[in-house]
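Following: one structure in structure tokens, then a few remarks.
Only the coordinates and a few stated rules stand behind these numbers; no lab work does. Keep in mind it's a predicted model, so treat the numbers as computed, not measured. With ideal geometry, Cβ positions are generated from the backbone for all residues, glycine too; neighbour counts draw on all protein chains shown.
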Amino acid sequence: MKFSLALPREALSIPVVRRVVGDALRGLGVSEDCVADILLATSEACTNVVQHARNSADYEVVGHVDDGVCLLRIMDWGHGPRQMPDSPGDPLPVDASGAIDPGALRESGRGLRIMRALVDDLSIESAPDRGTVVQMHKRLTWRDEALIRRLEHRLARSAG
């Protein structure tokens, strides 16, 4: 399953993202605990876009579920984070690839720590000429009656 949402950079878009992503995952049979983790991490990423993406009127959420893994990318086309909240003018530390060092963030980095705790892999790339891309991977857990499990069971029986 793949989906893509293009949204205005405003707070009212975040519940829309939660609804679409949550309904899609639940429809596939993803367990409620797993859906909750993904939705909280996604909400944190979208909130960061709404609050911090400068010079970007909109953003995009792209999702892909395949082989028991959910990949979500939240992208904006702003200038990316500019400074530490308590050190005006100081640039945020980034590594050679342009990824923000979340350990260097102080109070405002709480959302990044939450996202990192809820997903299996989190990467953040930010560049003045490209905006910011947050990419999250989460291995999915399934409800017993999940559509995916029923399909896998049918395929296994027809192959044997």
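What's the ranking of 138-146, 55-63, 70-78 by average number of surrounding C-beta atoms within 10 Å, highest first?
Result, highest mean first: 70-78, 55-63, 138-146.
DSSP loop (so not H, G, I, E, B), at most 12 other Cβ within 10 Å: list which GluC sites (Glu not before Pro) in the range 8-44 pass both filters.
Here the GluC sites (Glu not before Pro) that fit, given the DSSP loop and packing criteria, are 10.
Amide H of residue 140: which non-local residues (sequence gap of 5 or more, or other chain) have their own amide H closer than 5 Å, using H built in the peptide plane?
69, 70
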